[in-house]
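For reference, the structure discussed in these notes is given below.
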Amino acid sequence: MRCVFINIRCKPGTSYKVAEQIVLREVHSELYSTSGPFDLLLKLYIPEDADVGKFINDNLLDITHIERTETTLTFKAF
């Protein structure tokens with residue numbers, strides 16, 4: 001499994017709605033509300049043989065009120 005972090009910017013006033021939709025999909029490992037330019041930080045694990053972009057598109061980006069995302073791929077845990 002590959003660990004991926006995704007910063008999510010939501011339309012104003014909708015971060016709790018977006019978070020609820022993510023939780024219902026049960027694809028995440030951890031989900032946090034954050035300060036700064038993004039509203040949520042999502043940690044998830046993607047199967048090694050899965051296409052990262054397709055996995056994110058199919059499981060996350062069709063959620064209403066997501067305005068923008070930024071994905072960080074990880075390589076090695078220390």
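The values are calculated or read from the model by the stated rules, or taken from the named source; none is laboratory data. Source: prediction; values computed, not measured. A quick note on method: Cβ atoms are made from the backbone with ideal geometry, for glycine too, and the neighbour counts reach across all protein chains shown. These area figures cover heavy atoms from the full protein model, side chains too; ligands, DNA and RNA do not enter into them. Shrake-Rupley method; radii C 1.70, N 1.55, O 1.52, S 1.80 Å.
Values computed for the structure shown
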item: Residues of the chain: accessible area per residue with a 1.4 Å probe, Å²; result: 67
item: Mean-position separation - Cα centroids, region 30-61 and region 62-78, in angstrom; result: 4
item: Dipole moment magnitude, nearest 20 debye, the chain about Cα centre, only Lys, Arg, Asp, Glu C-beta charged; result: 220
item: Label-to-label distance, nm, for residues given as LYS54 and SER33 (7 Å Cα→Cβ offset); result: 3.6
item: Packing-based order for 48-61, 1-14, 65-78, using average beta carbon neighbours within 10 Å, highest first; result: 1-14, 48-61, 65-78
item: Fraction of accessible area attributable to carbon and sulfur, the chain (%, probe 1.4 Å); result: 52
